[in-house]
């Protein structure tokens, strides 16, 4: 479909300024970082001359625009510096840890969607009922929950009191070995290679952190679904559809939900912004070896290259997600396609 | 009783939840003002003989790993948390509405330039941007405030821009212009007071988010340093003890934090109902 292709291309072009802005801001943040990298690399015993030499070698004596071009060149080659703690290139570290974060975020989002959409629809179809009240309580209380606190509460209840969940210590317990890396997602890899015991172990570790994230994303999604469903159900075309004798299911799903989903998809962008931030906190609570805990470890040790790499990765991912949401919006709303 | 007060009393009687939120807000302010005076113990005094004690009559919220009284620490922490949230929200309110009003009023190049700045901030996941700013500027409470202010700025700027834009050609603005008022005077005396009510709703909802954000940053070890009492850092200190069953260290500061955010959110919803009955949820 050429219309669709042009829509995707236009959206891609539209994302370029965001990416440029992200790169510039990350560069500025890098240069504002405390401490002199040249003095750091030279070591405490170095004299002024050798510090000066290292500064020249690192290119830090050049004017800022030249440094910026060098930074762009490095980025283009996937070069984000070396972590002082792990001794590895930051890009390699981040690539190795990214699947853990993505797996967690996606599972959290899937949980939230699985609950919030039916709940929002049920609340909107029966305003004033107990479902509606429950949806309202959830969407008000949910936005007030500090995500790290919910995580700890869940750990206390399901690990310490009930003993249902494994210890909050990363992606696998000590006795299980990681599945062969194919996608990096433990759930997927263990299924592909047929290691069902590993799948169970990985899923058991994932439940609580994913639930924590899901609870967090539940509130805005339920609220939005309910509000937009209410709006759509009151509109003329729904009355017409009902009057035409269409079944309740057809009216609700095909006519109402499909229209009501548009504002929900738009909110997804904001939800992702919060979710990626909450991810960092959840990773810390559950000792989850993703890029969030990588950044926290680096921050604590004043190791700034990983922090920069982390921020850039997160921002690029967020821009990419927004792009996908835009395209998705075009797919489910034919009107956008016509405009394009 | 003046009509304004009577209206307020009517609204609060009509909506007990909002009244409760106002009471909660007043309580928080009181804690922030008088916290150190009403705390039963010194929040920093450690006594390892009574470390890790569960809640008791002497220590209502129990004691932490250094034997410090958690109730006292929770009470004293209110001042710092409220200071961070109020300062951050005040900063983003002032600068955000200034930028938004200018963008909405003048349009054109100014609007585009300000819009670009706002879009740049929004291109980041907000909490991640706050982490980056604090890492870059240095690990202090002041920088937590600046970071929180920066990530909240877009909400005010966008709202102020939209509200100003809608009033740019309103009758009362035309009248003020025809009677010879300068742009600055019209903006300050006519437009700004008119966009203030929706902005105040945003302020109240934002306070909750600002507290959460600051607590989140100190939870991962940014900004506030131990042994300073602060809700986020107290939850972080209690986190290691949750797996061994000492729940009270993390629970009480977490609950208070949650209650504070909940209170601000209810307050925001209530204010919105008072100001705009159409948007009632």
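Which members of segment A:135-175 meet the condition of being in a helix (DSSP H, G or I), under 27 Å from the mean Cα position of the chain (by Cα) and farther than 22 Å from residue A:274 by Cα?
A:156, A:157, A:158, A:159, listed by residue number.
How many of the residues in segment B:226-238 are in contact (Cβ under 8 Å) with a residue 60 or more places away in the chain and farther than 17 Å from residue A:284 by Cα?
Total meeting the criteria: 4.
Determine which single condition residue B:112 fails, assuming it passes every other condition in (1) more than 30 Å from residue B:21 (Cβ to Cβ); (2) in a helix (DSSP H, G or I); (3) out of contact with any helix residue (DSSP H, G or I) (no Cβ under 6 Å at 6 or more places or on another chain); (4) at the interface with chain A (Cβ under 9 Å from one of its Cβ atoms).
Only one criterion in (1) more than 30 Å from residue B:21 (Cβ to Cβ); (2) in a helix (DSSP H, G or I); (3) out of contact with any helix residue (DSSP H, G or I) (no Cβ under 6 Å at 6 or more places or on another chain); (4) at the interface with chain A (Cβ under 9 Å from one of its Cβ atoms) is unmet by residue B:112, namely (4).
What's the number of the only condition in (1) within 20 Å of the chain's Cα centre (by Cα); (2) in a helix (DSSP H, G or I); (3) more than 9 Å from chain B (Cβ to nearest Cβ) that residue A:284 fails to meet?
(3)
Quick check on residue B:221: is it without any contact (Cβ under 8 Å) to a residue 12 or more places away in the chain and at positive phi?
When the stated conditions are applied, residue B:221 does not pass them.
Given B:24, B:20, which one is within 19 Å of the chain's Cα centre (by Cα) and either at pLDDT below 85 or part of a loop (DSSP other than H, G, I, E, B) (or both)?
B:20
Name, by its number, the condition in (1) surrounded by fewer than 17 Cβ atoms within 10 Å (Cβ to Cβ); (2) in contact with a helix residue (DSSP H, G or I) (Cβ under 8 Å, 6 or more places away or on another chain); (3) farther than 30 Å from residue A:221 by Cα that does not hold for residue A:74.
Exception for residue A:74: condition (2).
Output yes when any residue across segment A:330-339 is in a loop (DSSP other than H, G, I, E, B), touching a residue at least 12 places away in the same chain (Cβ under 8 Å), in the same structural domain as residue A:122 (by TED's automatic domain parsing) and surrounded by fewer than 24 Cβ atoms within 10 Å (Cβ to Cβ), and no when none is.
Within segment A:330-339 (the criterion being in a loop (DSSP other than H, G, I, E, B), touching a residue at least 12 places away in the same chain (Cβ under 8 Å), in the same structural domain as residue A:122 (by TED's automatic domain parsing) and surrounded by fewer than 24 Cβ atoms within 10 Å (Cβ to Cβ)), the answer is yes, since at least one residue qualifies.
Output the number of the condition that residue A:184 fails; it satisfies all remaining conditions of (1) in a helix (DSSP H, G or I); (2) touching a residue at least 60 places away in the same chain (Cβ under 8 Å); (3) within 20 Å of residue A:291 (Cα to Cα).
(1)
Could you figure out which of (1) closer than 16 Å to residue B:152 by Cα; (2) within 14 Å of chain A (Cβ to nearest Cβ) isn't true of residue B:81?
Among (1) closer than 16 Å to residue B:152 by Cα; (2) within 14 Å of chain A (Cβ to nearest Cβ), the lone unmet condition for residue B:81 is (1).
Are any residues in segment A:194-203 surrounded by fewer than 14 Cβ atoms within 10 Å (Cβ to Cβ) and touching a residue at least 12 places away in the same chain (Cβ under 8 Å), and if so, which ones?
Of everything in segment A:194-203, just one residue is surrounded by fewer than 14 Cβ atoms within 10 Å (Cβ to Cβ) and touching a residue at least 12 places away in the same chain (Cβ under 8 Å), namely A:197.
Kindly indicate whether residue B:215 is more than 21 Å from residue B:31 (Cβ to Cβ) and at pLDDT 85 or above.
no
Would you list the helices (runs of 4 or more DSSP H) that sit entirely within segment B:115-210 and hold 3 or more residues that are within 14 Å of chain A (Cβ to nearest Cβ) and surrounded by 24 or more Cβ atoms within 10 Å (Cβ to Cβ)?
In segment B:115-210, the matching helices (runs of 4 or more DSSP H) lie at B:126-137, B:141-167.
Kindly establish whether residue A:256 is assigned to a helix (DSSP H, G or I), farther than 21 Å from residue A:217 by Cα, in contact with a helix residue (DSSP H, G or I) (Cβ under 7 Å, 6 or more places away or on another chain) and away from chain B (no Cβ under 14 Å).
Taking the combined requirement at face value, the residue satisfies it.
Would a scan of segment B:218-228 turn up a residue that is under 22 Å from residue B:71 (Cβ atoms) and either at the interface with another protein chain (Cβ under 8 Å from one of its Cβ atoms) or outside any loop (DSSP other than H, G, I, E, B) (or both)?
yes
Keeping to segment A:144-175, report how many residues are farther than 20 Å from residue A:101 by Cβ, more than 9 Å from chain B (Cβ to nearest Cβ) and buried (at least 20 other Cβ atoms within 10 Å of the Cβ).
Total satisfying the criteria: 0.
Got at least one residue in segment A:113-123 being part of a loop (DSSP other than H, G, I, E, B) and buried (at least 17 other Cβ atoms within 10 Å of the Cβ)?
Looking through segment A:113-123, none of the residues is part of a loop (DSSP other than H, G, I, E, B) and buried (at least 17 other Cβ atoms within 10 Å of the Cβ).
Based on what the data block shows, is residue A:318 more than 22 Å from residue A:31 (Cα to Cα), at the interface with another protein chain (Cβ under 8 Å from one of its Cβ atoms) and assigned to a helix (DSSP H, G or I)?
Criteria met by residue A:318.
Mind telling me which of the residues B:232, B:270 ends up being more than 16 Å from residue B:89 (Cβ to Cβ) and facing another protein chain (nearest Cβ under 10 Å)?
Criteria check complete, one pass: B:232.
Only one residue in A:199, A:216 is assigned to a helix (DSSP H, G or I) and at pLDDT 85 or above, so which one is that?
A:216
Determine which single condition residue A:273 fails, assuming it passes every other condition in (1) part of a helix (DSSP H, G or I); (2) more than 8 Å from chain B (Cβ to nearest Cβ).
Of the numbered conditions (1) part of a helix (DSSP H, G or I); (2) more than 8 Å from chain B (Cβ to nearest Cβ), the odd one out for residue A:273 is (2).
Right, residue A:310: assigned to a helix (DSSP H, G or I), facing another protein chain (nearest Cβ under 8 Å), surrounded by fewer than 24 Cβ atoms within 10 Å (Cβ to Cβ) and in contact with a helix residue (DSSP H, G or I) (Cβ under 8 Å, 6 or more places away or on another chain) or not?
So residue A:310 fails the test.
The values are calculated or read from the model by the stated rules, or taken from the named source; none is laboratory data. Just so it is clear, the model here is predicted, and its values are computed rather than measured. Please note: Cβ atoms are built from the backbone with ideal geometry, for glycine as well, and neighbour counts cover all protein chains shown.
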